[in-house]
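Reviewing the structure listed below.
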Amino acid sequence: MKVLVTGGAGYVGSVVADELLCAGHEVVVFDNLQQGHKEAVPVQAQFVLGDICKPGALDGLFRQFNIDAVMHMAAETVVEYSTTDPKRYFQTNVAGGIHLLNAMLKHKVTKMIFSSTAAVYGEPQATPINEDHPKNPINAYGLSKLMFEQILEWYGKAYGVKHISLRYFNAAGATDRLGEDHHPETHLIPNILRAAMNNEPVPVFGIDYPTPDGSCIRDYVHVADIAQAHILALDKLDALSGKACNLGSGRGYSVIEVIQAAQEVTGMKIATKVCPRRPGDPAVLVASASRARSELGWTPRFFELQSIIRSAWLWTTRCPQGDADDD
Ligand SMILES: NC(=O)c1ccc[n+]([C@@H]2O[C@H](COP(=O)([O-])OP(=O)(O)OC[C@H]3O[C@@H](n4cnc5c(N)ncnc54)[C@H](O)[C@@H]3O)[C@@H](O)[C@H]2O)c1
């Protein structure tokens, strides 16, 4: 198939693009490079610089390429900023997504795998969180993703768009070629590793959460395993259309535990700096990924937190400047 990956110059999107090519698909990446890196786009993929908020650019894209399916990853993604500047999140993640769907319909493309998030659930009422858990997002990022999931349902019912929403928990780790390189970086593991390299303290945002050591607990899932789930979702789209699947390991680690694991992987002592809680951060987010396993046939290859951190550390030491160009 010829697969359009929106946001394919970003962290998850570039790994998904690599995995699609390995699976024998053709790939077109559409990205405005506000966060992504052109160098992260595989050389075998076709790259189009453009913005999902511009309907004309999307129309041109679908005119130029005979797209069979879309993996939609382009988004505003920083949870914290979404609480102070929600308009960008609704503009890109909701309005941009609608422009994309409308362009798809116009060009008779009816397959979409959507990058959703654990943030659609909000504060968990039960752990681990399964897909039927109530959806009460506590930040505009999570709400924007939930809104788009709901919009997709209507485009499915009314216009026959086949879709699966993959709700990632915390994507982490690196492949041989690609790692996490956001500016600013708000994700824990890359920040710990950079702090280790630069001999700086790692900020710990809140140690007064109702968790055993007071720091937030999250579920880390390797980016290559996330990419694999996208391939499976595309293969099973006809059978599973309309479903959402969590992508997580089912095991949670506190911020303090992640720092300890990073110390073991790097062999370095990593200092911490206690900071106030970040707005919009639930205390605990751990997935039940049994639906992805049983229905998608997903078998994550990276199970141990240490192996996830090790892959990120290898990439960080090999590419200390990240994915390089910020053009
Ligand atoms: N990384 C995670 O832990 C995580 C967790 C849950 C969900 N997600 C979702 O997965 C997707 C990918 O996340 P990521 O961590 O790779 O983020 P990322 O920021 O690295 O990638 C997003 C890409 O989208 C591009 N983009 C942003 N706005 C755009 C626009 N208007 N038009 C075209 N391109 C645009 C950016 O330049 C970037 O390359 C996002 O949709 C995110 O919400 C990520």
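A straight Cα-to-Cα reach below 20 Å connects residue 236 with the aspartates and glutamates 18, 19, 26, 68, 131, 149, 153, 225, 295, residues fewer than 8 places away in its own chain not being considered. Remark: relative contact order (the chain) = 20 percent; criterion is Cα-Cα distance under 8 angstrom and separation of 6 or more residues. Distance between the modelled labels on residue 153 and residue 130, one decimal in nanometres: 1.8 nm (7 Å Cα→Cβ projection). Spin-label pair residue 23-residue 1: with each label point 7 Å from Cα along the Cα-Cβ axis, the two points sit 0.8 nm from one another. Between residue 85 and residue 303, the contour length at 0.36 nm per residue exceeds the alpha carbon distance by 74.9 nm.
Its Cα gyration tensor gives segment 144-217 an equivalent ellipsoid. The semi-axes, each the square root of 5 times an eigenvalue, are 35, 19, 10 Å from largest down. With both labels modelled 7 Å from their Cα along Cα-to-Cβ, the residue 63 to residue 176 distance reads 4.1 nm.
The Cα-based radius of gyration of segment 47-148, divided by its Kirkwood radius, gives an Rg/Rh of 1.03.
Short to long, the 5 Å bins of the Cα pair-distance histogram for segment 1-67 hold 4, 21, 32, 23, 16, 4, 0 percent of all pairs. In this Cβ point-charge picture (+1 for Lys and Arg, -1 for Asp and Glu), the chain has a dipole of about 640 debye about its Cα centre. Size descriptors for the chain (Cα atoms only): Rg and Dmax, in that order, 18.7, 56 Å.
Given R₀ = 22 Å, FRET efficiency for residue 272-residue 317 by Cβ-Cβ distance, to 0.05? So the FRET efficiency works out to roughly 0.55. Give the calculated FRET efficiency between residue 199 and residue 98 to the nearest 0.05, with a Förster radius of 56 Å applied to their Cβ-Cβ distance. Step by step, r from the Cβ atoms, then E = 0.75. The residue list 175, 75, 258 was ranked by how far each Cα lies along the charge dipole of the chain toward its positive end, using unit charges on Cβ atoms, and 75 comes out on top. The lysine pair tally for segment 42-142, using Cα distances under 28 Å and a gap of 8 or more places or different chains, is 8. Helix 255-266 axis versus longest C-alpha principal axis of the chain: approximately 80°, rounded to the nearest ten.
No value in this document is a laboratory result; all are computed from the given coordinates. Note that this is a predicted model, so its numbers are computed, not measured. Neighbour counts are summed over all protein chains in view; Cβ atoms, including those assigned to glycine, are modelled from backbone coordinates with ideal geometry.
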